[in-house]
Every structure is written in structure tokens, then in C-alpha cells.
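A.B. asks: Just dropping this structure here.
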Amino acid sequence: METKYIGEHLLPGQLGHFFAVLSFMASLVATIAYFNAVRIKEAPLQDSWKKLARYAFVVEILSSFAVFGILYYVLYNHFFEYKYVWRNSSRTLEVKYLLSSFWADQEGSFLLWSLWHSVLGCILMFRAKKWEAPVMTVLSFAQFCLASMLLGIYIFGYRVGSNPFLLLRQAEENINLPWVSLPDYLSKIPDGNGLNPLLQNYWMVIHPPVLFLGFASMIVPFAFAFGGLWTRQYTEWTKPAMPWALFAGMILGTGVMMGAAWAYESLTFGGYWAWDPVENGSLVPWITLVAGIHTLLAYRSTGHALKSTFFFFFISFVLILYATFLTRSGILGETSVHSFTDLGMSGQLLVYMAVFTIPAFTLLIMRRKEIPDVKREESSYSREFWLFVGSLVLLIAAIQITFTTSIPVWNKLFKLNMAPPTEAVFHYNKIQIWVAIVLGLLTAIVQFLKYKDTPRKHVTQKLLWPTVIALVATALIGWLGNINFRAYGAGFLVAIYIMLFASVYAIIANTAYIFSGLKGKVRSAGASVAHIGFGMILLGVLISSSKKETISIDKMKMIEPGFFGEQSKENPRENLMLPRNFPIQMGAYHVTYAGDSTVPGDPKTYYVVRYEKKDPANGATLESFTLYPDAFVNTKGQEGLTPNPSSRHYLTKDIFTYITAVPRKDAANDTAQYRTHQVQQGDSIFFSSGYMVFTGLQTQPENRNYQAQTGDLAVGAKLQVYNKNNEQFTLQPVYYIRDSTYQFSVPDTLSPLSLYVKFSKIMPKDNKIELEVKEGGTFDDYIVLKAFIFPYINVLWIGVLIMIAGFVMSIVQRAKKTAEKVAVKSGKIAVSEEL
Amino acid sequence: MKKTNIVLLVVIAVAIGVIVTMAGDFSTYVTFATAKEKEGKEYHVIGTLDKAQALNYDPVKDANYFTFYMKDKLGESRKVIFYGTKPTDFEKADQLVLTGKISGEEFHCDKILMKCPSKYKEDQVAMSTKKM
């Protein structure tokens with residue numbers, strides 16, 4: 001008997017799935033129609049195919065948007081009968097994070113991707129003119145593949161795609177569970193599973209759309225190149241493809257760096273880049289695309305390097321698909337800290353990759369002889385030669401990153417048992433630093449070379465001053481900045497210095513070029529500006545990572561010696577415990593944990609951490625500020641905490657703080673009592689984890705909570721504390737009489753042993769004093785944190801912004817030139833001097 | 001020979017060189033027994049948390065000292081010392097991948113990667129009376 005369920009909203013899901021299927025069909029029709037429009041040469045027939053294709057694609061656009069809208073609608077209304085909604089949201093989730101819920105899972109992110117394809121396709125339909133049909137064939141086909149990811153239909157026993165509108169009660173894992181047959185099951189699901197706390201961050205609202213726009217736009221240069229190869233118009237595609245390639249480079253670069261910013265702001269690996277497979281996956285296509293842009297420039301100006309341009313544009317898109325496969329098939333499993341759900345679509349993702357890779361590269365190999373090339377050899381003093389060299393250097397970088405990232409793939413393919421490098425970051429850094437050096441130097445010098453050939457004197461003349469200035473600046477930075485990163489030996493330090501020069505050189509030489517090479521024509525300075533930004537990124541990365549300083553070093557040495565031995569390089573004791581209201585020295589700061597607080601409507605707990613910097617000479621406070629690192633404590637289904645860092649931003653550095661552990665709040669309360677001991681000098685008092693010896697009285701006591709005033713009669717009890725490991729600590733509780741009448745006692749605490757000692761009485765008659773000792777059995781008012789100083793991280797972020805600006809300038813300029821419609825005949829290339 | 005070809009050859013040579021030098025960095029997944037043979041060398045060890053033995057993390061004493069026992073794939077259980085805080089949800093991990101080396105009888109580890117329970121189980125909607 002069919003169960004009649006109560007309270008379900010089935011219509012949106014049915015509509016959503018209908019539109020998902022419609023978009024799948026429409027993109028298939030568009031692909032076939034555009035394909036025929038390319039293949040068929042008779043004008044009237046071609047036009048009618050094109051017309052059909054356009055209608056189909058418009059239907060596809062509309063249905064993509066409809067699916068998007070409906071999924072948002074069910075999320076917004078908390079229809080927990082849908083698995084996607086149940087899994088990724090909850091009623092308490094702030095509305096602004098609903099979008100993060102939207103792309104928390106694969107279905108949502110594929111949807112976002114195909115939405116961007118639709119937008120780009122819409123522009124291409126109007127702007128691509130004669131390239132519309134071939135380019136749109138490729139794009140529609142990609143849409144077809146993406147739409148198939150959202151189908152969730154079984155074909156020959158194999159499930160194709162995953163339907164975002166799947167009902168919770170129909171989900172595979174719930175089938176046959178007893179509640180599924182309850183008609184009123186919905187009333188028993190009052191709330192959803194909730195969104196992963198890591199994604200509840202504003203960067204997660206804006207970073208995925210930008211990144212996926214980057215992913216989506218990578219197909220356009222690919223499609224143009226493929227169209228050129230397919231229609232045997234090997235050269236004409238290069239001009240309209242240029243602004244698109246620049247656009248893709250800009251957006252993907254922005255998306256990647258936004259991911260870095262997200263990691264920096266809200267993840268706690270203590271940095272912006274960890275060479276994680278997920279980060280590498282989107283960085284590598286960007287690198288190869290940038291290489292492609294440079295070979296395309298060389299080709300546009302000299303006719304060289306057309307084949308490599310094809311190669312780079314093809315490989316860039318293929319690498320995007322490869323990254324998608326890596327991150328979404330679950331193959332990374334043991335090597336990535338990011339968790340991915342395997343929707344059982346690995347096969348489908350592989351097919352997606354193959355259907356683009358195989359035709360493109362087969363065609364490229366088959367028709368390689370037909371691709372025009374210049375027989376004349378490049379001069380070593382020509383710009384195109386070095387553009388080509390630079391691109392190959394970028395390719396090496398891409399190969400190295402891909403090779404290491406793909407270790408799980410090699411294991412699977414060749415049945416190996418390889419594990420990633422144990423020191424992953426250094427593994428990448430020690431190779432990529434040389435790539436960065438070569439690129440920095442090339443970036444600095446190559447602009448000053450002209451295409452074809454450059455008079456020798458011209459180069460030396462123009463480069464002389466930038467070189468001298470860069471050398472001086474490097475020496476100054478190295479000297480004043482005290483760059484002395486010895487953790488990996490002197491050899492690496494040398495590399496750091498060379499990279500410092502290379503990045504400074506890139507910045508200065510490109511700035512100089514705007515004036516001496518372009519005569520200050522800012523309009524055409526896009527490339528130089530982008531290169532200045534690139535130089536600053538290199539510089540920022542170099543300084544912030546080689547001068548990164550951990551200030552939360554635990555100096556208590558609570559463990560046996562030998563701890564700081566050989567292990568100490570990898571294991572600096574970076575976590576520090578801060579008992580509440582107990583200032584602890586951290587670097588130049590005295591840091592106090594002053595309690596926690598929560599805000600209604602916000603599930604996070606905020607920890608108040610006060611930083612104070614004091615003048616060592618007179619104790620005056622030079623600077624004080626408060627950071628509020630927060631954490632999701634005991635979120636649903638999780639025992640531990642998910643912290644978000646908080647940073648104090650300065651122009652020249654960031655102080656970065658995050659919580660690594662907090663005591664369980666439900667742990668037994670502190671019920672320990674003070675016990676009174678009357679002791680003479682030399683007496684010992686035992687407590688559970690050690691003993692203390694009263695060594696004498698001190699008439700001018702030193703206790704950080706005691707401020708001497710004139711007229712005070714004060715005395716401190718000197719206590720030597722030994723713990724079980726025979727380590728020593730000192731305590732000095734103070735007893736004083738102020739204004740001859742009032743008695744005060746300033747206790748002293750030893751928080752690592754949770755020991756509190758009060759000096760409560762002097763008994764001159766017995767020559768004894770009275771001490772009260774308390775052991776907090778479950779001392780639970782503390783936090784454990786990590787704190788870093790990132791110097792000059794702003795150089796990196798500003799560099800990113802400048803680079804983006806440079807890209808935008810170039811796009812505007814290129815798009816204008818394309819619009820001017822200069823007819824370029826095949827093989828005959830207009831030689832333009834500007835880049 | 002064209003200059004570009006020479007450059008290409010150089011690039012290929014460099015790429016091979018890079019990969020060869022890189023190979024030395026790669027580690028392998030081993031068991032405690034293998035790691036013990038080469039005491040002091042860094043390895044990845046896969047295993048599961050030995051729940052019969054106690055975990056020990058007391059930030060009040062030392063925020064950077066966490067010990068537990070792990071059973072490797074051959075069932076050998078060994079004490080592990082991790083110099084850091086106890087990772088979130090540690091007890092729930094299905095599988096642990098440790099990076100570190102044997103020192104004496106203990107495994108000193110500087111990185112823990114946890115594989116969490118499969119999504120499949122996690123996604124099951126539990127409907128116990130408690131949750132309602």
C-alpha cells in the first residue's frame with residue numbers, strides 16, 4: 001500500500017527535476033544543431049540549424065536558471081523533505097549563508113558552474129559572430145555534460161548524475177529505515193543537519209561563484225582554439241580569443257586568491273596557502289593559461305608559437321576537468337584535509353574529461369602539419385623567444401605541482417604505495433622558488449626586448465638603472481628586514497635572497513617600463529601593471545612566509561628535556577595555554593584571556609583575547625587591542641570545536657590568533673577548597689602533583705598583582721614549588737597592611753599545576769605564617785591558542801589587486817582592438833609593439 | 001637544430017631532473033614494524049585508534065602533548081605521541097594516517113590526518129526518541 005505522506009512539498013522538486021532534464025535535453029539539441037551549423041556549408045540550411053541551436057540554448061539557459069531558483073526556494077523555505085536541504089542547512093542558519101549551503105555539495109556547485117556557462121554562452125551568441133557555431137558547439141556540449149551530473153536517472157543500471165531534489169525518504173541510505181513508512185515523518189524532522197561550520201563564512205558566499213566563473217570561462221579559449229582547429233581556420237581565432245583568455249585568467253586568478261584569503265581568514269592551518277590538492281587543482285590550470293596567453297602574444301606579434309598556444313589552451317581546460325575529477329571523485333582520500341563526498345560519479349567525471357581531451361589532442365596531433373609556422377629562427381634578443389621560454393618554465397611548474405598532487409592517482413594506476421612528501425610545503429617551495437626566481441627575472445627583463453630583434457645597446461641602456469635600483473633595494477630589504485630564514489639551511493636562504501632580488505626587480509623594471517618603454521601611456525600599460533602585481537605577489541609570499549613568526553611558543557617546558565631537540569624544527573611548541581585573567585608573555589605582547597561571550601542568533605562563541613604591549617623601560621602601555629577569535633563549540637554531531645581565527649591588521653603586519661582547544665564546559669565544576677597550613681621557614685607542603693618549600697619572607701615582595709604604595713606594610717612568602725618531574729617554579733603570595741588598618745592578601749597562582757596559594761596570616765608568636773593552598777582539580781577556565789605574526793602580508797594582497805587591475809586594463813584594450821575589426825589575413829600578422 | 005628545440009630539450013631535461021629529485025621526498029605507507037626497522041626515518045603509517053587504551057590530552061599540563069595508541073594494519077598497537085592539540089572529533093575517526101617516526105618504543109608524530117566515517121552512515125537520518 002502506498003503511504004500517504006503528510007506535509008511534503010513535492011511540486012518544487014518535481015518542477016526542479018523537470019527543468020534539470022529539460023536543460024539536459026536542450027543542451028543536447030543545441031550541441032547537435034550547432035555541430036550541423038558548422039558542418040553544413042549551404043547558407044540557408046546553416047542558418048536554420050543555427051536558429052534551432054539558438055532556441056535550444058535559450059531554453060537551456062532558462063531551465064538552468066529555473067533549477068537554480070527552485071533549489072534556492074526549497075533551501076530558503078527549509079523544506080527538509082529534500083535531502084539537499086536537510087544535509088546542508090538548518091533553521092538557525094543565517095540567511096546570508098543560505099548561498100553557502102547552496103554550493104556546499106556537488107550538485108549545487110555543478111549547477112553554479114553550468115549557470116555561468118549559460119551566462120557566457122549568452123554573451124558568445126551575440127558577440128562571437130562567425131565563431132558562434134564552433135565555439136557554441138563546444139560550450140553546449142560542456143553544458144550537456146554538466147546537466148547530466150544533475151540527472152539522477154538510472155540508465156542501464158548505472159546512475160547518471162545526482163538529483164539535488166532527491167527526497168530524504170528516498171535517499172539510498174534511508175531506504176528501509178523504519179521512519180520512512182511513517183506518514184507523518186516530517187513532523188519528526190524539526191531541523192536539518194546544518195551547514196558545515198567552516199563554510200559559514202562570508203568568503204564562502206562569494207569565493208565559489210568567482211572560482212566557478214573562472215572554471216566556466218576557461219572553456220572559451222579552449223572552444224576558440226578547438227573551433228580554429230576544427231574549421232581549419234588556424235589563425236583567425238587568435239584575435240577574438242585573446243580578451244576571453246585574459247578574462248579567464250583574471251577571474252580564475254581572483255577566485256584562487258579569494259580561496260587563499262578564505263583560508264587565511266577562516267581556516268586554521270596558519271596561512272593562506274598549504275599546497276593542498278584542492279588549491280593546486282585550480283592553480284595549475286591558471287599557470288598553463290597564463291603560459292598560453294604569453295605564447296598567444298608571441299604569435300600575434302611574430303607568427304611564432306601558434307602550436308604551443310593550441311597546446312596551452314587545450315591543456316588548461318583539460319586540467320580544470322582533471323581538478324574537478326581529483327576533488328570530486330574521492331580519490332584524494334588520504335592526502336587532502338578537505339573532505340569530499342563521493343557521489344559515485346567518478347566514472348562520469350572521467351568520461352567528462354575524456355570527451356574533451358581526446359578529440360582536442362587527437363585533432364591537434366593529426367593536423368599539426370597544417371598549423372602555420374614561421375621557419376625563420378627567433379633571435380635570442382627577441383621578445384618572442386623569451387616569452388616562449390617563460391611559458392615553458394610555467395609548464396615545468398605546472399608539471400611538478402601536478403605530479404605530486406596526483407600521487408593518489410599514480411597509486412591507483414600503477415598499484416603503487418607512494419605517500420605524499422612528509423614535509424609537503426617545503427617539498428613544493430624548494431622547487432617552486434626557482435621557478436619564481438626565473439619568472440621574476442623574465443618578467444623584469446623581457447618587456448624591454450622588442451619583438452623580432454633588439455639592438456644590444458637598447459637593452460643594456462634601458463635596463464641599467466632599474467637593475468641598479470633593484471640591487472640596492474634588495475640589499476636594503478635584506479639588511480633592514482633582517483631576512484634570516486635558516487630552518488632549511490643556508491642554501492635555501494641563498495635562494496630566498498635571489499628570489500627577493502627577482503621579485504623586487506620585477507616590480508621596479510616594470511614600473512620603469514611604463515615610463516621609458518611606453519612613455520607613460522597608461523592605457524596600454526595593462527601588462528606592465530599585471531607584472532608589477534605579480535612581482536608584489538612574489539615579494540609578499542616570500543617575506544610573509546620566510547619571516548612568519550610564531551609568538552605563542554610554550555616556554556613552560558612541562559615535559560622532559562630532549563623535547564626541543566631534532567624534533568623542534570617540525571614541532572615548535574606552538575600552542576599556548578592562557579588561563580583566564582592571567583597575562584602571559586607572547587612575543588612583544590602581554591596577552592590575557594578575558595573570558596568568552598556569545599551573541600544571540602550567532603552559534604559561535606567568541607573568546608576575548610587582550611593584547612598589551614608595554615614599554616620595557618617604564619611599564620607604560622604602548623599599545624593595546626582585543627582580538628575575538630571564535631569557534632563553533634560542540635556543534636551538532638561533533639565533540640570538538642571548529643575555530644575561526646581573528647587578526648589584528650597593521651599596514652606592515654598581521655597578528656593572527658586562533659583557538660586550538662578549550663575545556664569542556666560541562667566538566668565538573670571547581671569544588672576544591674582552600675586548605676590551611678601553618679608553616680615555618682623550611683617547611684614543606686605537599687599537594688597532589690608535587691610539593692612546595694617555604695624558603696623565607698621577603699619584605700619588598702614581587703607579585704604582578706601587587707602594586708606597592710607608600711605606607712604599605714607588605715611581606716611576601718617565598719615558595720619554591722617542585723612538581724613530580726622535579727621541575728621548579730616559584731610563587732610569592734603577598735600579605736600586606738595598608739593605611740595601618742586594612743589587611744590584604746594577594747594570592748599567587750601556578751596555572752599549569754592549577755595551584756592557588758594565599759598568604760593569609762602572620763603569627764609572630766610562633767614564628768610561623770599561615771598559607772592557604774587550593775588545587776583546582778578540574779581547572780577549566782582557560783583557552784589554548786596559537787598566534788602568528790605575518791609580516792607584510794598586505795604586499796601580497798595589494799599585489800593581487802594590482803594584478804587583477806592589470807588584467808582588466810589589458811582586457812579593455814584588447815576588446816577595443818577586436819571591435820575595431822582590423823582584418824587580419826591568415827599568416828600575415830600585424831606586428832604591434834605594445835604588449 | 002632550432003633554438004626552440006634546444007630550449008625544449010633543456011626544459012624536458014629540467015623537468016625530468018626535478019621529478020627525479022622530487023622522488024626522494026616521497027614517502028611510503030608502512031606499518032610500525034617497518035618504521036621500527038629504520039628508526040628515526042619519517043614515514044606515513046595508517047591504522048585505527050586503539051580504543052582499549054586511554055587517550056591522554058591535558059592542556060592544563062601541556063597544550064602540545066597528546067598521546068594515544070594506534071593499531072596499524074597488521075594489528076600492532078603502539079603508543080603515539082603527537083606534539084600538538086588533540087584534533088577535533090578524534091575519537092570518531094575511522095582511520096588515521098600519521099606522519100612521523102619511531103623513537104624508542106613510541107611513534108613520534110607531527111601530522112595526523114583523519115578519515116572520517118563515510119558520508120553514507122552519517123547521512124542516515126537517525127530517528128531515536130532522543131532526537132525528536
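A.B. asks: Taking 27 Å as the cut-off for C-alpha to C-alpha distance, list the pairs among A:Lys613/A:Lys774; A:Lys41/A:Lys369; A:Lys412/B:Lys71; B:Lys41/B:Lys92; A:Lys130/A:Lys816 that go past it.
C.D. replies: Going by Cα-Cα distance, A:Lys613/A:Lys774; B:Lys41/B:Lys92 fall outside the 27 Å limit.
A.B. asks: With the calculation restricted to Cα positions, what are the radius of gyration and Dmax of the range A:372-474 in angstrom?
C.D. replies: Expressed in Å, the Cα Rg and Dmax of the range A:372-474 come to 19.2, 57.
A.B. asks: Something else: May I ask for the distance between the Cα centers of the range A:195-226 and the range A:575-599, given as a whole number of Å?
C.D. replies: Taking the Cα centre of the range A:575-599 as reference, the centre of the range A:195-226 is 38 Å away.
A.B. asks: Still on this structure: Which residue, B:Ile102, B:Ile46, B:Ile19, tops the fluctuation ranking in a GNM of chain B built on C-alpha contacts under 10 Å?
C.D. replies: B:Ile19
A.B. asks: Run the simple label-point estimate for A:Gln678 and A:Arg486 please: 7 Å along Cα→C-beta, distance reported in nm.
C.D. replies: Distance between the two pseudo-spin positions: 5.8 nm.
A.B. asks: Next question, about the same structure. Quick check on the protein assembly as shown: helices-only [θ] at 222 nm, where DSSP H runs of length 4 and up contribute -39,500 (n - 2.57) each and the sum goes over total residues. Nearest 500, please.
C.D. replies: Theoretical 222 nm ellipticity from helices: -15000 deg cm²/dmol.
A.B. asks: Determine the dipole magnitude for chain B: charges of +1 sit on the beta-carbon of Lys and Arg, -1 on that of Asp and Glu, nothing else is charged, the reference point is the Cα centre, and the result goes in debye to the nearest 20.
C.D. replies: For this selection, approximately 440 debye.
A.B. asks: Here is a follow-up. Put +1 on the Cβ of every Lys and Arg and -1 on every Asp and Glu Cβ in the range A:363-449; which of A:Tyr428, A:Ser391, A:Asn417 then has its Cα farthest towards the positive end of the dipole?
C.D. replies: A:Asn417
A.B. asks: Using only Cα atoms, tell me the angle between helix A:202-217 and the longest principal axis of chain A; keep it within 0 to 90° and round to the nearest 10.
C.D. replies: Helix A:202-217 sits at roughly 20 degrees to that axis.
A.B. asks: Additional query: In 20 Å bins starting at zero, report the fraction of Cα pairs in the protein assembly as shown per bin as a rounded %.
C.D. replies: All Cα pairs, binned at 20 Å, distribute as 12, 38, 33, 13, 3, 0 percent.
A.B. asks: Give the Kirkwood hydrodynamic radius (Å, one decimal) of the range A:572-666, defined as one over the mean of 1/r across all pairs of different Cα atoms.
C.D. replies: That comes to 14.6 Å for the range A:572-666.
A.B. asks: Skipping prolines and chain starts, which residues have an amide H placed within reach, meaning under 5 Å, of the one on B:Gln95, given they are 5 or more residues away or on another chain?
C.D. replies: Long-range HN contacts for B:Gln95: B:Lys115.
A.B. asks: Let me ask something additional. Assuming 0.36 nm per residue, please report the length gained on full extension of the stretch A:Phe126 to A:Lys817 beyond their Cα-Cα distance.
C.D. replies: Value of the extension gain: 247.0 nm.
A.B. asks: For the range A:307-461, what is the per residue volume of the convex hull drawn over the alpha-carbon atoms, in cubic angstrom?
C.D. replies: 141 Å³
A.B. asks: With unit charges on the beta carbon (Lys/Arg positive, Asp/Glu negative), name the residue among A:Asn163, A:Pro134, A:Leu98 whose Cα is farthest towards the positive pole of the charge dipole of the range A:91-169.
C.D. replies: Going by the Cα projections, it comes out as A:Pro134.
A.B. asks: Identify, among A:Leu146, A:Phe632, A:Tyr722, the residue whose Cα sits farthest towards the positive end of the charge dipole of chain A, taking +1 on the Cβ of Lys and Arg and -1 on the Cβ of Asp and Glu, with the dipole about the Cα centre.
C.D. replies: Positive-most Cα among the choices belongs to A:Leu146.
A.B. asks: Same structure again: Using 7 Å Cα-to-Cβ label points, what is the A:Asp739/B:Leu74 separation (nm, one decimal)?
C.D. replies: Modelled inter-label distance: 7.7 nm.
A.B. asks: Also, I was wondering about something else. Amide H neighbours of A:Thr695 under 5 Å, counting only residues 5+ apart in sequence or on other chains, H built in-plane at 1.01 Å?
C.D. replies: Residues meeting the criterion, in which the H sits 1.01 Å from N, are A:Gly682, A:Lys718, A:Leu719, A:Gln720.
A.B. asks: Rounded to the nearest 20 debye, what is the charge dipole size of chain A about its Cα centre when +1 sits on each Lys and Arg Cβ and -1 on each Asp and Glu Cβ?
C.D. replies: Magnitude of the dipole: close to 3500 debye.
A.B. asks: Continuing with the same structure: If you consider only alpha-carbon coordinates, what radius of gyration and Dmax does the range A:1-200 have, in Å?
C.D. replies: Calculated on Cα positions, Rg and Dmax stand at 19.6, 64 Å.
A.B. asks: Counting pairwise Cα distances across the range A:210-284, what percent come out greater than 14 angstrom?
C.D. replies: 64 percent
A.B. asks: Sticking with this structure for a sec: What translational diffusion coefficient, in µm²/s and rounded to a whole number, does the Stokes-Einstein relation yield for the range A:212-420 at 10 °C and a viscosity of 1.306 mPa s, taking the hydrodynamic radius as the Kirkwood radius over Cα pairs?
C.D. replies: The diffusion coefficient I find is 88 µm²/s.
A.B. asks: Next question. Below 8 Å between Cα atoms, with a sequence gap of 6+, how large is the relative contact order for the range A:1-122 in percent?
C.D. replies: Value for the range A:1-122: 25 percent.
A.B. asks: Which whole-number percent is the relative contact order of the range A:675-779 (Cα, under 8 Å, 6+ apart)?
C.D. replies: Relative contact order here is 24 percent.
A.B. asks: Using Cα pairs closer than 8 Å and at least 6 residues apart in sequence, work out the relative contact order for chain A, in percent.
C.D. replies: Reported as a whole number, the value is 11 percent.
A.B. asks: In addition: Taking every pair of alpha-carbon atoms in the range A:487-541, what share in percent sits in each 5 Å bin, from 0 to the bin with the longest distance?
C.D. replies: 5, 21, 23, 18, 13, 9, 6, 4, 3, 0
A.B. asks: Taking N as the number of residues in the range A:98-160, what is its Cα Rg relative to 2.2 N^0.38 Å?
C.D. replies: Normalised Rg, Cα atoms only: 1.35.
A.B. asks: Moving to a separate point now. Could you work out the Rg to Rh ratio of the range B:28-118, with Rh taken as the Kirkwood radius (inverse of the mean 1/r over all Cα pairs)? Mind dumping the intermediate values first?
C.D. replies: Working: Rg = 12.2 Å, Rh = 13.0 Å.
Radius of gyration over Kirkwood radius for the range B:28-118 works out to 0.94.
A.B. asks: For the Cα atoms of chain A, what angle does the longest principal axis make with the long axis of helix A:346-366, in degrees from 0 to 90, nearest 10?
C.D. replies: The angle comes out at about 50 degrees.
A.B. asks: Right, something else. Just to confirm a number: summing +1 for Lys and Arg and -1 for Asp and Glu over residues other than A:Leu697 whose beta-carbon lies under 12 angstrom from that of A:Leu697, what do you get?
C.D. replies: Details: positive: A:Lys718, A:Lys768; negative: none.
Surrounding charge for A:Leu697 is +2.
A.B. asks: Averaging over every viewing direction, what projected area does the convex hull of the Cα atoms of the range A:43-96 cover, in nm²?
C.D. replies: The number I arrive at for the range A:43-96 is 5.0 nm².
A.B. asks: With no solvent and one point on each alpha carbon, what is the Debye value of log10 I(q)/I(0) for the range A:456-547 at q = 0.15, 0.23 Å⁻¹?
C.D. replies: -0.62, -1.11
A.B. asks: Hey, another quick one. How big is the antiparallel share of DSSP beta bridges in the protein assembly as shown, given as a percent to the nearest 5?
C.D. replies: Around 95 percent antiparallel, to the nearest 5.
A.B. asks: Antiparallel as a % of all DSSP beta bridges within the range B:28-118, to the nearest 5? Walk me through the intermediate numbers first.
C.D. replies: Working: 25 of 30 bridges.
The answer is about 85 percent antiparallel.
Bear in mind that the values in this text are calculations on the coordinates, not laboratory data. Only a predicted model underlies this, so the values are computations on that prediction, with no experimental measurement involved. Positions of Cβ are generated from backbone atoms using ideal geometry, with glycine treated the same way; all protein chains shown enter the neighbour counts.
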